[in-house]
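Engineer: One structure, pasted below without further comment.
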Amino acid sequence: MILRSRFVLPISRPPIENGAVRVAGSLIDQVGTASEVCSTNAGEICDLGEMILMPGLINAHCHLDYTEMAGKIPRPASFPDWIKALLALKSHWTYTDYARSWLTGSRMLLNSGVTTVADIEAVPELLPDVWSSTPLRVFSFLEMTGIRSGRPPAAILQEALDHIEILPKGNCAGGLSPHAPYSTTPELLQVTAKAAAERNIRITAHVSESREEYEMFSECRGSLFDWLRSQRNMSDCGHGSPIQHLERHGLFRENLLAVHVNYLGAGDAERLSSNGVSVAHCPRSHAYFRHDTFPLRKLTDCGVNICLGTDSLVSVVPTRRKPPQLSLIAEMQTLSSANNSPPSEAIVRMATQNGARALGQAQRIGELKAGFSADLIAIPYTGTAKDVYDAIVYHSGNVTASMINGIWVLKQVG
Ligand SMILES: [Zn+2]
């Protein structure tokens, strides 16, 4: 099948006017101008018309489980207050609530152009069912905490590994997510790092999300420190930043995707870079908590791979106009309107190529290239080549078409 479009945006090359992509089975076979692709191949031509055809977006951090919790927690005065409210809300939720919420979120992502998501899974029992109910490419990172339960770290890890072991093979994969430095023990971080390296499993963890977390680890003070001191052994605090904490306990390898990273200590950006750790930035969640400016320039200058995530809808500022939606395009817009924002081309790269690299999928998704998976989306466009990236970042509404693994999962043209 040959897909022709006003512009094809491979990401690794400039936009191709009157471009085409040939799809063979589940893979991309050729990318070029329509005349190049059509002259070397016979085959069915699907003319998408006035569109930008580009790789599907990669959402590098999400909590699909929490989608229908949107609007159920008032905007908190502090980060610990938000965690307390979330824990209280979760205590009333059932398996059915989580499953419905997960599926609602997955539909929002598909409609808004996401084809791959790195999702934190707090209820792993859902996975076989929900995976089979979505065409999305899902990397489900099984959440591990253990502070409240006090369970032995080895038992927490083994339970997660057992869940991963029995997951169906196919489009989706399981990973490990020690939740955050403050909600885990050093022992859990250590055994997770070891097991993931031995089994070639990817890890993601929230780190240095809030000023309170930074103060807790760096200075043994602040509201998070005060709240948790009656619940956990605090002897792991006072030895440096949260980033240093993860590094000290063995988590810093190329298989780690660090989420948020809003507060950096001296040398932290260099630590991330030299260990090949990727960072997921969630612009709307960042705005919701009124964090200090995201250190994008510092991280980029050090060569850190930065990708984008939606986080959950529990940390999106509600608007009167319409209920919030999970949308990586909305995240791109928020980043674009932030102080010292990068150009649209860099933002689009963060939402595609960089996300693929962060998930160890750089040779498979995130670009339109021969041999890559045929994960494509189409966005309406009638302009010229110079505005292609802006048109993607400022697109409003759903995408017009989406293909995953060579199969249309959404199509309203051609
Ligand atoms: Zn998160």
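Engineer: Search the structure for amide H atoms under 5 Å from the amide H of F372, placed 1.01 Å from N in the peptide plane, and list their residues when 5 or more places away or on another chain.
Structural biologist: The list, which skips near neighbours in sequence, is I28.
Engineer: Moving on to the next point. Quick one: what does P(r) look like for the range 159-224 with 5 Å bins over all Cα pairs, in whole %?
Structural biologist: 3, 15, 22, 20, 14, 10, 9, 4, 2, 0
Engineer: Each label point is 7 Å from the Cα along the Cα-to-Cβ direction; what then is the distance between the points at E219 and K194, in nm?
Structural biologist: It is 3.5 nm.
Engineer: Mean shadow of the range 115-195, computed from the convex hull of its alpha carbons, in nm²? Please report the intermediate quantities before stating the final value.
Structural biologist: Numbers: hull surface 21.0 nm².
Reported value for the Cα convex hull: 5.3 nm².
Engineer: What Kirkwood hydrodynamic radius, in Å, does the range 255-300 give when the mean of 1/r is taken over all pairs of distinct Cα atoms and then inverted? Working shown, then result.
Structural biologist: On the way: mean 1/r = 0.0900 Å⁻¹.
Every distinct Cα pair counted, the radius reaches 11.1 Å.
Engineer: Quick check on the exposure proxy: order W93, W102 from fewest to most C-beta atoms within 10 angstrom.
Structural biologist: On the way: W93 16, W102 27.
Ranking W93, W102 by Cβ neighbours within 10 Å, fewest first, gives W93, W102.
Engineer: Using the Karplus equation 6.51 cos²θ - 1.76 cosθ + 1.60 (θ = phi - 60°), what ³J(HN,Hα) coupling, rounded to whole Hz, does each residue of the range 395-400 give in order, writing x for Gly and Pro?
Structural biologist: The phi angles translate into 5, 10, x, 6, 7, 7 Hz.
Engineer: Going by amide H atoms built from the backbone, whose H comes under 5 Å of the H on A60, apart from near neighbours?
Structural biologist: Sorted by chain and number, the residues that satisfy this are A118, L308, G309, T310.
Engineer: Can you tell me the orientation of helix 79-90 relative to the chain, as the angle in degrees between its alpha-carbon axis and the longest Cα principal axis, to the nearest 10?
Structural biologist: So the helix axis and the longest Cα principal axis differ by about 80 degrees.
Engineer: In the chain, what percentage of the DSSP-assigned beta bridges are antiparallel, given to the nearest 5? List each step's numbers first, then the result.
Structural biologist: Values: 25 of 59 bridges.
If we restrict to bridges inside the chain, about 40 percent are antiparallel.
Engineer: Just the C-alpha atoms of the chain: what Rg/Rh do they give, with Rh taken as the Kirkwood radius? Working shown, then result.
Structural biologist: Numbers: Rg = 21.1 Å, Rh = 21.7 Å.
Using Cα coordinates only, the ratio equals 0.97.
Engineer: Apply the Karplus parameterisation 6.51 cos²θ - 1.76 cosθ + 1.60, with θ equal to phi minus 60°, to every residue of the range 94-108 and state each ³J(HN,Hα) to the nearest whole Hz, in sequence, with x for glycine and proline.
Structural biologist: In residue order, the calculated couplings are 9, 3, 5, 4, 5, 5, 4, 4, 4, 5, 4, x, 5, 5, 4 Hz.
Engineer: Does the range 296-414 come out rounded, prolate or oblate, given a ≥ b ≥ c as the square roots of the eigenvalues of its C-alpha gyration tensor, rounded meaning a/c under 1.5 and, failing that, prolate meaning a/b above b/c?
Structural biologist: Working: a/c = 1.43, a/b = 1.08, b/c = 1.32.
Rounded.
Engineer: Distance between Cα centroids, the range 1-62 to the range 108-132: provide it in whole Å.
Structural biologist: Taking the Cα centre of each part, the range 1-62 and the range 108-132 sit 26 Å apart.
Engineer: Now, a different point. Across the range 37-51, in residue order, what do the Karplus-derived ³J(HN,Hα) couplings come to in whole Hz, using 6.51 cos²θ - 1.76 cosθ + 1.60 with θ = phi - 60° and x for Gly and Pro?
Structural biologist: Values, residue by residue: 5, 6, 6, 9, 9, 8, x, 5, 9, 10, 8, 7, x, 7, 9 Hz.
Engineer: I've got another one for you. Rank the residues K194, K386 as a footprinting-exposure proxy: fewest other Cβ atoms within 10 Å of their Cβ go first. Spell out each step's value before the answer.
Structural biologist: Details: K194 12, K386 8.
Ascending number of Cβ neighbours within 10 Å: K386, K194.
Engineer: V409's amide H: which non-local residues (gap 5+, or another chain) put their own amide H closer than 5 Å, with H modeled 1.01 Å from N in plane and none for Pro or chain starts?
Structural biologist: Under 5 Å from the amide H of V409 lie the amide H atoms of S402, M403, I404, each far enough along the sequence or on another chain.
Engineer: A further question on this structure: Within 10 Å of each residue's Cβ, count the other Cβ atoms and sort F141, F294 from fewest upward. Provide the component values of the computation, followed by the final result.
Structural biologist: On the way: F141 28, F294 23.
By the 10 Å Cβ count, ascending: F294, F141.
Engineer: Still on this model: Classify the range 48-200 from the C-alpha gyration tensor, please: rounded if a/c falls under 1.5, else prolate or oblate depending on whether a/b exceeds b/c.
Structural biologist: oblate
Engineer: Counting only C-alpha contacts under 8 Å and six or more residues apart, can you give the relative contact order of the chain as a whole percent?
Structural biologist: Values: 888 pairs, mean separation 90.9, N = 414.
For the chain, the relative contact order is 22 percent.
Engineer: Same structure again: Where in the range 102-133 is the amide nitrogen less than 17 Å from a point lying 7 Å along the Cα-to-Cβ axis of S149?
Structural biologist: What the label zone holds, given the 17 Å backbone N cut-off, is 120-127.
Here, each number is a calculation from the coordinates, and none is a lab measurement. Since this is a predicted model, take the numbers as computed values, not measurements. Glycine gets a Cβ as well: all are built from the backbone with ideal geometry, and neighbour counts include every protein chain shown.
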